[in-house]
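The following block contains the structure, expressed as structure tokens.
The values are calculated or read from the model by the stated rules, or taken from the named source; none is laboratory data. In this text the structure is predicted, and so the values were computed from the model without any measurement. Glycine gets a Cβ as well: all are built from the backbone with ideal geometry, and neighbour counts include every protein chain shown. Keep in mind that these areas ignore ligands, DNA and RNA; they rest on the heavy atoms of the full protein, side chains included. Shrake-Rupley method; radii C 1.70, N 1.55, O 1.52, S 1.80 Å.
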Amino acid sequence: MDDDMEGGNLGPYQERPRAFPNMRSKSYTPLIFRIIMRINARVLFVLLLLGLGFIFYVGASTSSVIVFVFSVCTLSFLVALYLMKWVLAKDEGPPEMVEISDAIRDGAEGFFRTQYGTISKMAVLVGLVILSIYLFRSTTPQQKSSGLGRTTSAYITVAAFLLGALCSGIAGYVGMWVSVRANVRVSSAARRSAREALQVAVRAGGFSALVVVGMAVLGVAILYATFYIWLGVDSPGAMKVTDLPLLLVGYGFGASFVALFAQLGGGIYTKAADVGADLVGKVEQGIPEDDPRNPAVIADLVGDNVGDCAARGADLFESIAAEIISAMILGGSMAKRYPSGFILFPLVVHSFDLVISSVGIFSIRNTRDSGVIGAMEDPMAILQKGYSVTIILAVLTFGLSTRWMLYTEQAPSAWFNFALCGLVGIMTAYIFVWITKYYTDYKHEPVRTLALASSTGHGTNIIAGVSLGLESTALPVLAISISIISAFWLGQTSGLVDESGSPTGGLFGTAVATMGMLSTAAYVLTMDMFGPIADNAGGIVEMSQQPESVREITDLLDAVGNTTKATTKGFAIGSAALASFLLFSAYMDEVDIAIPEVFVGGLLGSMLIYLFSAWACAAVGRTAQEVVNEVRRQFIERPGIMDYKEKPDYGRCVSIVASASLREMIKPGALAIISPIVVGFLFRVLGYYTGHPLLGAKVVAAMLMFATVSGILMALFLNTAGGAWDNAKKYIETGALGGKGSDCHKAAITGDTVGDPFKDTAGPSLHVLIKMLATITLVMAPIFL
């Protein structure tokens, strides 16, 4: 076929053999998996049994609750393996689909190897910096009282940081691994049934979600149990169990560190390729999305996996880990007067999350349908039913968890108040899902109004999209505000008091609300993973020139996937707001910020959010310009591409976005990490000479507060506006307002390309940044305290 292409002897595309140019390179498998695969199956089985036995022994030596957590996580991994086996048993379709899928897989795995190699080197460097800081700082009173010296504290923090980074990287790999194998199976299933395609995509996302959430819970539990035994916690002269959660902060920072760079690098990759492909392919050349004649199409499809799947897996892992650790720290302060169940409560909640989300995933079953869109139920309604099942079970299991873990004879009804706090969080999550769906689903007025604005030109589309994004911040902020105040009040009136009789449960009530919001995280992540898998499936269908009826099914699933991705981002922002509030409170316990310098710190925090967003979007813009120039060059120098007489150089675009994204992710990522450290250090020095030794801590506290508030609003705006622009384009592509190829459609494409870096690069990176600022401040506190 290559000879025919070079000789220009091919007829119309439909009359030629449907084959994709072979781009396969040597398949990449991480070293740890290559080692495992070389081990004899029986030996591996014995090693796994010994490993499980050791883990359960450690758990049993710590607490029966830890054994319960280990058991649930193990079962969830078995369920995930079943889902993986079920998905991989589905056929991959005809050879042309397989060849396209192989090219996508190789591109994604190659970029993952390079990107995470770079991130791992930076993580080791940061680990050495943390080690140096902890080794050379003075011993704190807490260390003296617990017998934990500088050296032990240093190595514990660094080990936790590196473990968190490793687990976050594995979570990202799992997300990408399943997506590059499920996409072609969804494409093949779409040839038979729309419902089957939906089920394959959901179960593939479910595998990734259960592994990611299970790893987050298991990682924190293992670290907690290991430190408990190793340090001889609660033995005479040793650390108290109430202080143990503070040692886990490094784990959260490691997870945030990897998630931030994964989100930045993956987001720059996917959106630069997407923008370049759309601007030249759709607008200038008038060819369909994912058309095989577009030189940037493979880079675009690869980007869906490295940006939306790998990065989101690391992101959600970090969200759950940060929330668990912050709640355990607050639980430690409560456990000084009440049962230790307050510390382990977050692990129990997320263990039940794995159970109820599994039920929600399995509630989406295949039924007979004709494969025609009109004959099947709305995919969004099907996913919503599964979410409703999960929500109902979450309410029941959350009440059970609070009664089991938070009951205390000093305040017999306190557990019920905290159950209500959890209900507040669950309701907030549901409200966030509904609000985001309202502003990003083209079945509702906002997106249709945005699409209508496209009929009068590119400028009015941009104006309407920006205004929609700004408006969309109002309802979520009101929901977060009501949630925080309600949960705090319920906690304050729970009956829990300190030594002086003052109520102490308010802040912990807010922590419980955060847990409630994330109590369905595995199912929400399933819906998120569904989006890019469906998007990739549509690309494979288009490139392999399947019948229009198949493309209609994947287009519908893709549009639903856009909404679920936007929903998950809104969900993540809400949880980030609550989780960062908890971490922020843990840091501020002893710091008074009522001084003029605080205003400067606040301004710097807000500036950080805007500067970070600007650099992230600019990185996408610069890389997209390179892609646009390359695609234009190929169309000019190879005019036969449009007639299928010459093949595009897909590899060139893949190479451009891969190298550029790795280069561009460093600048905004370094800004996020260095800013709080530099600000804290400089103001500490200033405070030393002005007689205010805690000035650095106070300024950083203000920086965190203002950055959190500004970051929440900015992320809401970016994510919602980007999702609405995307689905306005999808709505027009259904045939509305002139359909594909019309002037209205071209204006909508412009809006979509503007929104691409908003929703998939800057927006998702911001809610990682919000939590990372809090964790990095806790870890690096010795610099400015």
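Which residue out of Leu264, Leu279, Leu218, Leu301 is under 16 Å from Ala160 (Cα atoms) and either touching a residue at least 12 places away in the same chain (Cβ under 8 Å) or basic (Lys, Arg) (or both)?
Numbers: Leu264 fails: under 16 Å from Ala160 (Cα atoms); Leu279 fails: under 16 Å from Ala160 (Cα atoms); Leu301 fails: under 16 Å from Ala160 (Cα atoms).
Being under 16 Å from Ala160 (Cα atoms) and either touching a residue at least 12 places away in the same chain (Cβ under 8 Å) or basic (Lys, Arg) (or both) holds for just one of Leu264, Leu279, Leu218, Leu301, which is Leu218.
Out of region 404-423, which residues are of a type in the set (A, V, I, L, M) and open to solvent by 30 Å² or more (accessible area, probe 1.4 Å)?
Leu420, Leu423
Which condition from (1) touching a residue at least 24 places away in the same chain (Cβ under 8 Å); (2) assigned to a loop (DSSP other than H, G, I, E, B); (3) surrounded by fewer than 23 Cβ atoms within 10 Å (Cβ to Cβ) is the one that Ser549 breaks?
(2)
Every residue in region 364-403 that is within 24 Å of Val200 (Cβ to Cβ), hydroxyl-bearing (Ser, Thr, Tyr) and either open to solvent by 10 Å² or more (accessible area, probe 1.4 Å) or modelled with pLDDT under 85 (or both), please.
Within region 364-403, Thr367, Ser370, Ser388 qualify.
Of everything in region 91-113, what is surrounded by 19 or more Cβ atoms within 10 Å (Cβ to Cβ) and not in a helix (DSSP H, G or I)? Give them in sequence order.
Within region 91-113, Gly93 is the sole residue that qualifies.
If you go through region 146-162 one residue at a time, do you hit one that is under 15 Å from Gly531 (Cα atoms) and buried (at least 22 other Cβ atoms within 10 Å of the Cβ)?
At the first step, the residues of region 146-162 found to be under 15 Å from Gly531 (Cα atoms) are none.
No, there is no match, as no residue in region 146-162 is under 15 Å from Gly531 (Cα atoms) and buried (at least 22 other Cβ atoms within 10 Å of the Cβ).
Can you tell which of Leu248, Leu162, Leu218, Leu198 is in a helix (DSSP H, G or I) and closer than 28 Å to Leu557 by Cα?
Working: Leu248 fails: closer than 28 Å to Leu557 by Cα; Leu162 fails: closer than 28 Å to Leu557 by Cα; Leu218 fails: closer than 28 Å to Leu557 by Cα.
Leu198 is the lone residue from the list that is in a helix (DSSP H, G or I) and closer than 28 Å to Leu557 by Cα.
Could you list, in sequence order, all residues of region 726-764 that are closer than 17 Å to Ala559 by Cβ, out of contact with any helix residue (DSSP H, G or I) (no Cβ under 6 Å at 6 or more places or on another chain) and assigned to a helix (DSSP H, G or I)?
Across region 726-764, the qualifying residues are Glu733, Ala736.
Given the conditions (1) farther than 19 Å from Thr563 by Cα; (2) under 28 Å from the mean Cα position of the chain (by Cα); (3) of a type outside the set (Asp, Glu); (4) surrounded by 24 or more Cβ atoms within 10 Å (Cβ to Cβ), which single one is not true for Ser454?
Condition (2) is where Ser454 drops out.
Which of the residues that make up region 674-684 are touching a Gly at 6+ places or on another chain (Cβ under 8 Å) and either surrounded by fewer than 23 Cβ atoms within 10 Å (Cβ to Cβ) or under 12 Å from Gly602 (Cα atoms) (or both)?
First, the residues of region 674-684 that are touching a Gly at 6+ places or on another chain (Cβ under 8 Å): 679-684.
If the condition is that a residue be touching a Gly at 6+ places or on another chain (Cβ under 8 Å) and either surrounded by fewer than 23 Cβ atoms within 10 Å (Cβ to Cβ) or under 12 Å from Gly602 (Cα atoms) (or both), then Val679, Phe681, Leu682, Arg684 are the ones that fit.
Any chance you could count how many residues in region 633-649 are among the charged types (D, E, K, R) and either in a helix (DSSP H, G or I) or under 10 Å from Pro295 (Cα atoms) (or both)? If you could, list the steps in order and put the result at the bottom.
Keep residues of region 633-649 that are among the charged types (D, E, K, R), which gives 633, 637-638, 643, 645-647, 649.
Still in the running and either in a helix (DSSP H, G or I) or under 10 Å from Pro295 (Cα atoms) (or both): 633, 637, 643, 647, 649.
Of the residues in region 633-649, 5 are among the charged types (D, E, K, R) and either in a helix (DSSP H, G or I) or under 10 Å from Pro295 (Cα atoms) (or both).
Take the conditions out of contact with any Pro (no Cβ under 7 Å at 6 or more places or on another chain), surrounded by 18 or more Cβ atoms within 10 Å (Cβ to Cβ), of a type in the set (Val, Ile, Thr) and at pLDDT 85 or above and apply them to Val58. Does it pass? Steps first, answer last, please.
Values: out of contact with any Pro (no Cβ under 7 Å at 6 or more places or on another chain): yes; surrounded by 18 or more Cβ atoms within 10 Å (Cβ to Cβ): yes; of a type in the set (Val, Ile, Thr): yes; at pLDDT 85 or above: no.
For Val58, the condition - out of contact with any Pro (no Cβ under 7 Å at 6 or more places or on another chain), surrounded by 18 or more Cβ atoms within 10 Å (Cβ to Cβ), of a type in the set (Val, Ile, Thr) and at pLDDT 85 or above - is not met.
Among the candidates Leu671, Leu695, Leu704, which residue alone is farther than 30 Å from Val258 by Cβ, touching a residue at least 40 places away in the same chain (Cβ under 8 Å) and surrounded by 15 or more Cβ atoms within 10 Å (Cβ to Cβ)? Show your work before the answer.
Details: Leu671 fails: farther than 30 Å from Val258 by Cβ; Leu704 fails: farther than 30 Å from Val258 by Cβ.
Being farther than 30 Å from Val258 by Cβ, touching a residue at least 40 places away in the same chain (Cβ under 8 Å) and surrounded by 15 or more Cβ atoms within 10 Å (Cβ to Cβ) holds for just one of Leu671, Leu695, Leu704, which is Leu695.
Select from region 290-310 the residues that are at negative phi and not in a helix (DSSP H, G or I) and write down the one among them that is most open to solvent (accessible area, probe 1.4 Å).
Here is the first cut: in region 290-310, the ones at negative phi are 291-310.
From what is left, the residues that are not in a helix (DSSP H, G or I) are 291-296.
Working: Asp291: 5, Pro292: 12, Arg293: 38, Asn294: 9, Pro295: 0, Ala296: 0 Å².
By that ranking, first place goes to Arg293.
Does Asp234 meet the test of being open to solvent by 10 Å² or more (accessible area, probe 1.4 Å), at pLDDT below 85, at positive phi and not β-branched (Val, Ile, Thr)?
Values: open to solvent by 10 Å² or more (accessible area, probe 1.4 Å): yes; at pLDDT below 85: yes; at positive phi: yes; not β-branched (Val, Ile, Thr): yes.
Criteria met by Asp234.
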